[in-house]
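The next block holds one structure in the form of structure tokens; read it before the comments.
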Amino acid sequence: MMSSAPATDRASILLVDDMEDNLDALEAVLGGLGEPLVRAGSGEEAVNALQEREFAVVLLDVVMPGMDGFETAASIRRHDRSRDVPIIFLTGTGTGTDRGYAFRGYATGAADFVAKPFDPWVLRAKVGVFLDLHRKNRQLQRLLARDREQLDTLAERLASIESCLSTGRAPDTAELRAGVARMEEALRELRSGR
């Protein structure tokens, strides 16, 4: 059984299907992952949900009234906020085997196809991979933000030293040493990954 992620790394999963029974089945299979599950009964609801919050992965039924899965995926890809969210298409038996059908799905942004009725273990494993990728991406974003902050601090300290030197004001040697020591400490932190 997978353990739940820390609250800061929780990642919602969007379930999109026009059939309540299918949404119930998806919730039963994915509930054990310990992540928030959000239901959408149509493509329009899915696009709206993606504009309101962040999702790690979308499970999207292909055959729906109104906006079908392909149209929904194309709409998802048009929005900056949801452009990179992986989409797993859920297809009825036989529909996913048509090469043109699969090509259209991948062309509109599918990360994968899963045929209904699906194997619960396979579906949970596939979704788990996307959850892990989402968490790692968020962790990388936090690390990059921290590194940018440290580099900005270094640039400010260097600019301060340069300002002292360019104004003709004779800087105090102790003041320069302290500034250089702070820069060296910040560089050590960057190198060590803290």
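The values are calculated or read from the model by the stated rules, or taken from the named source; none is laboratory data. This one's a predicted model, so the numbers in the text were calculated from it and none came from an experiment. Glycine also receives a Cβ, built like all others from the backbone with ideal geometry; neighbour counts cover every protein chain displayed. Note: accessible area is taken over every heavy atom of the protein model, side chains too, but ligands, DNA and RNA are not part of it. Shrake-Rupley method; radii C 1.70, N 1.55, O 1.52, S 1.80 Å.
Taken over segment 114-130, residues that are outside any helix (DSSP H, G or I) and open to solvent by 60 Å² or more (accessible area, probe 1.4 Å) amount to 2.
Applying the criterion of being surrounded by 10 or more Cβ atoms within 10 Å (Cβ to Cβ) and of a type outside the set (A, V, I, L, M) to the residues of segment 157-174, the residue that is nearest to the chain's Cα centre (by Cα) is Arg157.
Taking the numbered list (1) assigned to a helix (DSSP H, G or I); (2) at pLDDT below 90; (3) in contact with a helix residue (DSSP H, G or I) (Cβ under 9 Å, 6 or more places away or on another chain); (4) open to solvent by 80 Å² or more (accessible area, probe 1.4 Å) in turn, Gln150 passes all entries but (4). Every condition in (1) open to solvent by 10 Å² or more (accessible area, probe 1.4 Å); (2) in contact with a helix residue (DSSP H, G or I) (Cβ under 8 Å, 6 or more places away or on another chain) is met by Ala74 except one, and the failing one is (2).
Restricted to segment 36-60, and to residues there that are open to solvent by 10 Å² or more (accessible area, probe 1.4 Å) and touching a Lys or Arg at 6+ places or on another chain (Cβ under 7 Å), the residue that is nearest to Asp80 (Cα to Cα) is Gln51. Pairs meeting the criteria (first residue in segment 111-122 and more than 15 Å from Asp61 (Cβ to Cβ), second residue open to solvent by 70 Å² or more (accessible area, probe 1.4 Å), beta carbons under 9 Å, at least 6 apart or on different chains) are Pro120/Ala28. Listed conditions (1) open to solvent by less than 20 Å² (accessible area, probe 1.4 Å); (2) touching a residue at least 60 places away in the same chain (Cβ under 8 Å); (3) more than 23 Å from Asp24 (Cβ to Cβ) are all met by Ser82, apart from (2).
Evaluating Leu133 against the criteria (1) modelled with pLDDT of 85 or more; (2) touching a Pro at 6+ places or on another chain (Cβ under 7 Å); (3) surrounded by fewer than 19 Cβ atoms within 10 Å (Cβ to Cβ) leaves one unmet condition, (2).
Residues in segment 133-190 that are in contact with a Leu (Cβ under 8 Å, 6 or more places away or on another chain) and of a type outside the set (Asp, Glu): how many? I'd like the intermediate steps shown before the answer.
Just the residues of segment 133-190 that are in contact with a Leu (Cβ under 8 Å, 6 or more places away or on another chain), to begin with: 147, 150-151, 154, 161, 164, 171, 183, 186-187, 190.
If we keep only those that are of a type outside the set (Asp, Glu) as well, we get 150-151, 154, 161, 164, 171, 183, 186-187, 190.
Adding up the residues that qualify gives 10.
Scanning segment 122-164 for residues that are over 28 Å from Leu30 (Cβ atoms) and among the polar types (S, T, N, Q) returns Gln150, Thr153, Ser160, Ser163.
Quick one: is Ala111 among the small types (Gly, Ala, Ser), assigned to a strand (DSSP E or B) and either open to solvent by less than 30 Å² (accessible area, probe 1.4 Å) or out of contact with any Cys (no Cβ under 8 Å at 6 or more places or on another chain) (or both)? Here the answer is yes, as Ala111 does meet what is asked.
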